[in-house]
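Below is one structure; the comments refer to it alone.
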Amino acid sequence: MVERTLSIIKPDATRRNICGKIIAMFETAGLRVVAQKRLHLSRSQAEQFYAVHKERPFFGELCDFMCSGPVVVQVLEGKDAINLNREIMGATNPVEAKPGTIRKELAVSFTENSVHGSDGPDTAREEIAFFFSGTEIVG
Ligand code: CMP
């Protein structure tokens, strides 16, 4: 089934100028970028986006990091896009990620893990709507 998922290229990756390298990994694996923008999140936008984690011990560090520099938010489209994106990214903790995945090859740490991707159809819908209006998505 053709799906859409939200992807964020995080500040550790924009800082190192490796967005193109990351996007190429998505495209090579069969995903298409159908919406994209570069933003500098405010602290409150980061807190809102990651609200589901607000009771977790890493929440403060995560939000500080996510507003420490620009991010690239994008909608990826393709067959089974949600799971395919997760496979291309690799495990959340780069130490556990498989070789060839973005996080294994490029991430810095658990927090500075280069990319975020929606974890299911409901979150994909919510996360896409958080950043994009319908007319900004051009398939
Ligand atoms: P992400 O996919 O953006 O979703 C939430 C983020 O929180 C996750 O990537 C990690 O960067 C971060 N995260 C999740 N668990 C931990 C943890 N145990 N320690 C530090 N950071 C974490």
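Just so you know, all these numbers are worked out from the coordinates, no wet-lab data involved. Note that the structure is predicted; figures quoted are calculated from it, not measured. Methodologically, a virtual Cβ is constructed for each residue, glycine included, from the backbone with ideal geometry; neighbour enumeration extends over all protein chains shown.
The table below gives the values:
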| read-out | value |
| --- | --- |
| Strands (runs of 3 or more DSSP E) contained entirely in the range 1-112, each with at least 1 residues that are surrounded by 13 or more Cβ atoms within 10 Å (Cβ to Cβ), within 12 Å of the chain's Cα centre (by Cα) and within 12 Å of the ligand (Cβ to nearest atom) | 2-9, 71-79 |
| Filter result (closer than 15 Å to HIS116 by Cα and of a type in the set (A, V, I, L, M, F, W, C)) within the range 37-58 | LEU39, LEU41, ALA46, PHE49, ALA51, VAL52 |
